[in-house]
Amino acid sequence: MISSEDMVRAALNAATNAGADVPIGAVVFAPDGTVLAEACNARETLGDPTAHAEILALRAAAAKYGDGWRLDGCTLAVTLEPCTMCAGALVLARVSRLVFGAWEPKTGAVASLWDVVRDRRLNHRPEVEGGVLAQECADLLERFFRTQR
Ligand SMILES: [Zn+2]
């Protein structure tokens, strides 16, 4: 079985395709560990405020997996703690497990500011593992923002 570290490493790899966008990557894994979809943040590229890596990866994975939109049994790996939009989307997609890298104290919705995915009022709550390869994920962002100044 593929480890959480390897999943985040795959997301880091996807993030390197972000170009002018903030390098955030996401990969959706099928229950057997195979890659269903991968994406990078493409907000600037697509001129779309919702084009976060997680949203693009969830859409592509749902198009490929199962018989509809549900991603039961799947794992979403992402380099950065998801925002409220993405946390909401992954709950709606019925992702079973979320693995993420760096914490995002300014917008994080998986414990930092809110905990959208484990809210007890929701009937679907994915398993969460945060802080996986956190330093490597944070370094990638740090390098990007340093070159922006
Ligand atoms: Zn997001």
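The values are calculated or read from the model by the stated rules, or taken from the named source; none is laboratory data. Keep in mind it's a predicted model, so treat the numbers as computed, not measured. Every residue, glycine among them, receives a Cβ derived from its backbone with ideal geometry; neighbour counts consider all protein chains shown. Just so you know, the surface numbers come from the protein's heavy atoms only, side chains and all, with ligands and any DNA or RNA stripped out. Shrake-Rupley method; radii C 1.70, N 1.55, O 1.52, S 1.80 Å.
Out of residues 5 or more away from L80 or on other chains, whose amide H comes under 5 Å of its own, with H placed 1.01 Å from N in the peptide plane?
G25, G101, A102
If I model a spin label as a point 7 Å beyond the Cα along the Cα-Cβ vector, how far apart are those points for R125 and A138 in nm?
In this crude spin-label approximation the distance works out to 2.7 nm.
With a cut-off of 17 Å, note down the residues of the stretch 1-45 whose backbone N falls inside the zone around a label point 7 Å from the Cα of R94 toward its beta carbon.
29-32
Looking at the stretch 6-94, which trypsin sites (Lys or Arg not before Pro) are in a loop (DSSP not H, G, I, E or B) and have at most 15 other Cβ atoms within 10 Å? Present the calculation step by step, with values, prior to reporting the outcome.
Numbers: sites: R9, R43, R59, K64, R70, R94; in loops: R70, R94.
Filter output for the stretch 6-94: R70.
Apply the a/c threshold of 1.5 to the C-alpha gyration tensor of the stretch 96-143 and tell me whether it is rounded, prolate or oblate. Present the calculation step by step, with values, prior to reporting the outcome.
Numbers: a/c = 4.08, a/b = 1.89, b/c = 2.16.
Oblate.
Counting Lys +1, Arg +1, Asp -1, Glu -1, what net charge surrounds V8 among other residues with beta carbon under 11 Å of its beta carbon? Write out the running numbers ahead of the final one.
Details: positive: R9; negative: E5, D6, E129, E136.
Overall, the nearby charge balance is -3.
Starting from a Cα-only point model with no solvent, please compute log10 I(q)/I(0) by Debye for the stretch 4-142 at q = 0.12, 0.16, 0.17, 0.19 1/Å.
-0.39, -0.71, -0.81, -1.03
Connecting C-alpha atoms closer than 10 Å in a GNM of the chain, tell me which of A26, A63, A102 has the biggest fluctuation.
A63
Taking a point 7 angstrom from the Cα of E5 along the C-beta vector, which residues in the stretch 25-67 have backbone N less than 11 Å away?
So the set is empty, nothing qualifies.
Using DSSP, restrict attention to beta bridges with both residues in the stretch 4-142 and report what percent are antiparallel, rounded to the nearest 5. Walk me through the intermediate numbers first.
Values: 10 of 18 bridges.
Restricted to the stretch 4-142, the bridges split so that about 55 percent are antiparallel.
Per DSSP helix of 4 or more residues, -39500 (n - 2.57); summed, then divided by the residues of the chain. What does that give at 222 nm, rounded to the nearest 500? It would help to have the intermediate numbers written out before the result.
Values: 5 runs with 52 residues, N = 149.
Taking each H run of at least 4 residues, the total per residue is -10500 deg cm²/dmol.
Given H124, A61, Q135, which one lies farthest toward the positive end of the charge dipole of the stretch 4-142, if we put +1 on the Cβ of every Lys and Arg and -1 on the Cβ of every Asp and Glu?
Result: H124, furthest along the dipole toward the positive end.
Could you check how much of the accessible area of the chain is carbon and sulfur, as a whole percent, using a 1.4 Å probe? List each step's numbers first, then the result.
Details: 3850 of 7600 Å².
Carbon plus sulfur share of accessible area: 51 percent.
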